[in-house]
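**Student:** I have a structure here, written as structure tokens, and I will follow up with some questions on it.
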Amino acid sequence: AVPQKKDPFPGQAPIPVERVKKFVRGDVDKVDALSAWIGQYTLLMVESAWLDTDIWFDILFSLLQYFNLNLSQFGPYRLDYSRAGRHLLLGGRRGHVSCIEWQSKALISEINVMEAVNDVKWLHNEAMFAVAQKKWLYVYDSKGVELHCIRKFNDVLRMEFLPYHFLLATASSSGFLQYLDVSVGKEVTAIGTKMGRLGVMTQNPHNAVIHLGHPNGTVSLWSPNQKEALVKMLCHRGAVRSLTVDKTGMYMVTSGLDRKLKVYDLRAFKPLQSYFLPAGAACLSLSQRGLLCASMGDVVQVYRDVWGTSVKKPYMAHRVRGAVAGLAFCPFEDVLGVGHAEGFTSMIVPGAGEANFDGMALNPYASLRQRQEWEVKTLLEKVQPDLIGLDPSMLGTVDRATWQQKHQERVQALGFDPLAHEKFKPRRRKKGRSSSGAVEKRKRKVAHEDQRVKKDKYYFH
Amino acid sequence: WGGSSLVGNTLAYEQEDPGSNPTYYHSPLSCSEGKGYLMVHTLVNFHIFPLSHRKKLTERSEASTQVSEFSVNAEGEGEKVKLSDLLGKMEKTPKNLNKTKKQLKDLEKKSDTLELPLSRQEKEKIQREVAYVKTSTEVSRWESVVTQNRNAEQLVFPLIQEPSGPKRIEQVVSGWKAQTPLEQEIFSLLHCNLQPTHDPVLTPVEEASLKAMSLEEAKIRRAELQKARALQSYYEAKAKRERKIKSKKYHKVQSKAKRKEFLKKFEDLCKTDPQAALEEFKKMELLRMEERMSLKHQNSGKWAKSKVIMGKYDLVARKAMQEQLEMNKDLTQKLVVPSEDEEQEQEEPKALPDFVNDPEPVGDPANPWMRGQLSAEALGPEVSHEVERPTEQFPERKEEEEEEEPENEEEALLREFEQKRRLRQSEDKGFEPVVSEEQEVDEAENREAEEELSEKGEKDDEDGLAEFKNLFNRLVEPVILETGEEQGDEGLEEGLVRIHSLDDTELLANDHEASLVEPVPSDTSNMEASACPPSKNSKKVKVIDPSEVLTKQAKVIKVPHAPMMVEDEEVRNEQTTIIKEAFAGDDVVSDFLKDKRKLEEDSMPKVVDLTLPGWGEWGGVGLKPSRFKRRKFRIKPAPLPPRKDQKLPAVIISEKRNAALAAHQVCQLPFPFTKPEQFERTICSPVGNTWNTHNVMRKLTAPKVVTQMGAIIEPIAKDDFIKDKNPSKPQPNLQLTKDSSLAKTAPPGHKRRKK
């Protein structure tokens, strides 16, 4: 009977637009790019009422991921995706270097270095990249401004960036493997490998060890702490043409002039699989989910699960317009970038990228602020080059050699071993009471004392 | 000098009179310090004061007839003191003077002297020792606190902290009075009910009840009970033991003592309560009569003894004895009259049915779980019990029968499942797969039978039958298997396992064939090749054929697109030359092997030859030191641990230690660890927020010491760690009198602690 007042503001309170904006992670550029496409396809969309609009968007997005860049002038292209997978760096053999935000197809910068370009590599973020040119190593920013010319690094053929150590590893034609600390701009080490021209290089993402392939069919593993190779493996009868290591650091795939493709278990350094490719693979790359792509001339082939069961035929194959010079899977996307003589092709490879990214580690959708935060954080958590080794967990172990030496010194100084475990010696008894059984019994009586923590040892250690 | 003896005297005198003024006491040490003073002092005391309080105080007297009690005056100057007066006094001397005289004499006689006082050094040593013991005990009290603090994960200073949050008004405001009538009324009400306003929220009554239930009380009570029980058991044990003693003398003595005691009591009773005594007496009489009556008429009495002696010669006496013995027999014979109780007992078991003794009578009829007969199935013999158990024995359950029927069905279902499960289990064990036809027929029959039975719904019968069949099957199965196998294959002795495996393999093979319609021969060969080559080679390390290692059977991959590129002629030529170079020979391989061998040789420890040619024998050109010498002076170093790449012919693994890493590694174990493994296990779990949730990270990286800003951190005091002896210290309660002001309640923790 009580007259109910009518709520003047029914339902939930509306959220302020400003606040909503704060949380919006949508890509404006992407949507802009899409709008053009949608203009073309609206008619189709309207006609096909049986498809949900969401699905249409998905289809369109994936369609957007396939594209060709027709760059026939500046010859075979090397490429590199940034770690988050948003940016693409292309380096043409004849000097053309360009940064592209490939998803929105936005060209960030484009320069011609007027020199032969051997390799291009992003540094820790999208702001800087390194270009190995004919003579020296150069560092540019994303706008294409030359930041550094590093004269210490000459005749670089291949580069790898170790993101957790902020190290740029370069392999030169003179046989030198050099490490550049990009956070301080200093050379960490230069190792003369004495293995000739170093044209094949990759890194093990698990332990930041550099793998080099050599003309004599060997693959050598390097860390900046040792002047000699950590491991040398004889993999091929001919020269090694290309090699790649998977994300977990467990498997290495190599291809050689003997037209073989081999899969190695890096934990045991044993071959797992060996395949014969009619034309041999010139470039290799492994995706985050373990798909292997190999290029033979102008054909790119993708294989699934090369180290598990033996593969008989490729998962995908695609012919590009020119001879392939660079291959790279885009992180967190089902996309394979192919740099070739006639430009660049971005092809779709279903199941290649990791669908779940760790936003704290690498966030493809990071805002500017987040990227800035991330840079500071990663710099603070920079790993020292000293810690690079075959086993990354070695840091957590006690240095036994030094420990033993120190312990010995201590023993000498004290005149006894403070950690020695004096074994219980039962007294010799007569009249047959020292039979082995009786002795055992007596030992067992005091056996529990070993399990207790010795108080004095505990304190005066 | 004689001082020492005097001191001794005083001491002796002290001992005699403990009641005397304690100020006289001096320790031997102090005596030695001021000997002269003491002597005078004691002597004066000796004469001035009486020896004990009991003795009457004698007045101090001057040698004059008239003595003022206030002061010595010269009033009686004229009166001269006569000698007789003095003598008179002498006669009246009290007894204790004699005593002292005696003591003095004794002293003179005493020849042994007291020990010399200790030297200063020795004295100080003793003092130090005592002080050490005292202080060490004092300090050792802190030990536990120190270790506790040392091991604590986190220390928060100041140690005693004020409770956070808002304080009660009583703590802040002091001297507040209930002024308004309302307040006064409320307070009076509270006061009437003894309701505390704050901290102890409980009323005194509640507190008391809580106290009654307190743990300590319960513990005490329990201890008491325990003790009582123990005492009882001791007593019982004692009584039992005493009862078992066979010594007649002991029992005689015991009974005699008892009797005596009883008599004593009786006499007492006579005096105090004659009526009760009379009744007691009557009881005693009765007892005696009974005893007399039941006396064994044997040959132990006086009369009987005499008769025994006489019996030798006297026939009458012998007869009398005879009679006496017969009488004894009659008297001592036990009557075997069946009592009524016994008869009843004999009848009872007949009246009660058997199931009374069954361990599981009808449970709670409402509880379906209690009625379940499924569990009974497991016990073989009980099944028959159940079968026999007719429903008449449970007339009261008849009414529930109808309700039970659906449940029975369910149970039957359940049982079926159980059966199936069992069958399956037996299959798993390997009986099933080789069922011969007979067996199958048998089983089919069984199943049919079972089904029929289940249809009938006679669950108990079915149950029993099924059980039986199951058992039977299990017994029969192996037999059948064996016989069947013997028929089939006589050579195989142990049937079960082998047959099973054979069959299985066959099956597997079939399966394989079925699955692989298109056999791939090259594939299998590859598999084999890939499985073993390194291990094969590892056996003959020195003679490895590296080509084998490298030419691992490679699988040919069919490529859909053949490379269509028309490469430049030059490039092709280059490539061909490169390939030619590469395949020129086994150069690559042999080089690699050479490298490896060289490395191995380099890393091998060298043999040191310390022979000196010409030492102890002839030396010169063409002369070699003898073989014995060479062997003796050649030092062989201990072999190195095996190389990591020992079994990998195509791999060289560097054996160098990572010195750069060693700088970052821990080489000395930190405090609580005793073994490197322990430390490694602890350190391998990451601490940072990259790897942990925020809360966990905060917990892991909590600082060891936390201080409050602005708070004064006092050094730790004794009160902080030595707990009060009565922890239930009553908290200052508010006195709820009408007019009393609130007790002053200073906030705790503010007073400065004493050190």
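**Student:** Being surrounded by 12 or more Cβ atoms within 10 Å (Cβ to Cβ), over 44 Å from the mean Cα position of the chain (by Cα), at pLDDT 85 or above and over 23 Å from A:THR218 (Cβ atoms) narrows it down to one of B:ALA650, B:ALA663, so name that one.
**Tutor:** On the way: B:ALA650 fails: over 23 Å from A:THR218 (Cβ atoms).
Every option except B:ALA663 fails the conditions.
**Student:** Tell me which residues, restricted to region A:300-337, are away from chain B (no Cβ under 13 Å), surrounded by fewer than 24 Cβ atoms within 10 Å (Cβ to Cβ) and not in a strand (DSSP E or B).
**Tutor:** A:ASP305, A:PRO331, A:PHE332, A:ASP334
**Student:** Counting just the residues of region A:255-293 that are charged (D, E, K, R) and touching a Phe, Trp or Tyr at 6+ places or on another chain (Cβ under 8 Å), which one comes out surrounded by the fewest Cβ atoms within 10 Å (Cβ to Cβ)?
**Tutor:** Ranking the candidates gives A:ASP265 first.
**Student:** Select, from A:GLY297, A:GLY256, A:GLY280, the only residue that is within 23 Å of the chain's Cα centre (by Cα) and within 11 Å of chain B (Cβ to nearest Cβ).
**Tutor:** After applying the criteria, what remains is A:GLY256.
**Student:** With A:LYS423, A:LYS457, A:LYS441 as the choices, which residue is in a helix (DSSP H, G or I), surrounded by fewer than 14 Cβ atoms within 10 Å (Cβ to Cβ) and modelled with pLDDT under 90?
**Tutor:** Going through A:LYS423, A:LYS457, A:LYS441 in turn, just one is in a helix (DSSP H, G or I), surrounded by fewer than 14 Cβ atoms within 10 Å (Cβ to Cβ) and modelled with pLDDT under 90: A:LYS457.
**Student:** If you don't mind, another one. From A:ASP386, A:ASP391, which residue is within 7 Å of another protein chain (Cβ to nearest Cβ), charged (D, E, K, R), surrounded by 11 or more Cβ atoms within 10 Å (Cβ to Cβ) and in contact (Cβ under 8 Å) with a residue 24 or more places away in the chain?
**Tutor:** Going through A:ASP386, A:ASP391 in turn, just one is within 7 Å of another protein chain (Cβ to nearest Cβ), charged (D, E, K, R), surrounded by 11 or more Cβ atoms within 10 Å (Cβ to Cβ) and in contact (Cβ under 8 Å) with a residue 24 or more places away in the chain: A:ASP386.
**Student:** Moving to a separate point now. When A:HIS165 is evaluated against the numbered criteria (1) surrounded by fewer than 16 Cβ atoms within 10 Å (Cβ to Cβ); (2) in a loop (DSSP other than H, G, I, E, B), which criterion, by number, is the only one it fails?
**Tutor:** Result: A:HIS165 fails condition (1) only.
**Student:** Would you mind stating whether A:MET347 is within 9 Å of another protein chain (Cβ to nearest Cβ) and not basic (Lys, Arg)?
**Tutor:** On the way: within 9 Å of another protein chain (Cβ to nearest Cβ): no; not basic (Lys, Arg): yes.
Here the answer is no, as A:MET347 does not meet what is asked.
**Student:** Does A:SER242 qualify as being within 12 Å of chain B (Cβ to nearest Cβ) and among the polar types (S, T, N, Q)? Explain how you work it out, then say what you get.
**Tutor:** Working: within 12 Å of chain B (Cβ to nearest Cβ): no; among the polar types (S, T, N, Q): yes.
So A:SER242 fails the test.
**Student:** When you look at A:GLN370, is it part of a helix (DSSP H, G or I) and within 14 Å of chain B (Cβ to nearest Cβ), yes or no?
**Tutor:** For A:GLN370, the condition - part of a helix (DSSP H, G or I) and within 14 Å of chain B (Cβ to nearest Cβ) - is not met.
**Student:** Against the conditions (1) surrounded by 10 or more Cβ atoms within 10 Å (Cβ to Cβ); (2) touching a Pro at 6+ places or on another chain (Cβ under 8 Å), where does B:VAL607 fall short? Just the number, please.
**Tutor:** (1) is the only condition that B:VAL607 fails.
**Student:** A follow-up question, please. So how many residues does region B:295-308 have that are modelled with pLDDT of 80 or more and surrounded by 11 or more Cβ atoms within 10 Å (Cβ to Cβ)?
**Tutor:** 6
**Student:** On to the next question. Does region A:266-273 include one or more residues that are without any contact (Cβ under 8 Å) to a residue 60 or more places away in the chain, over 14 Å from B:ALA650 (Cβ atoms), touching a strand residue (DSSP E or B) at 6+ places or on another chain (Cβ under 8 Å) and at the interface with chain B (Cβ under 10 Å from one of its Cβ atoms)?
**Tutor:** Yes - at least one qualifying residue is present in region A:266-273.
**Student:** If the requirement is being touching a Gly at 6+ places or on another chain (Cβ under 8 Å), more than 9 Å from chain B (Cβ to nearest Cβ) and either on the phi > 0 side of the Ramachandran plot or not in a strand (DSSP E or B) (or both), which of these qualifies: A:ASN225, A:ASN207?
**Tutor:** After applying the criteria, what remains is A:ASN207.
**Student:** Which ones in region A:376-389 are farther than 19 Å from A:PHE332 by Cβ and assigned to a helix (DSSP H, G or I)?
**Tutor:** A:VAL376, A:LYS377, A:LEU379, A:LEU380, A:PRO385, A:ASP386, A:LEU387
The values are calculated or read from the model by the stated rules, or taken from the named source; none is laboratory data. These figures come from a predicted structure and were not determined experimentally. All Cβ positions, even for glycine, are placed from backbone atoms using ideal geometry, and neighbour counts span all protein chains on display.
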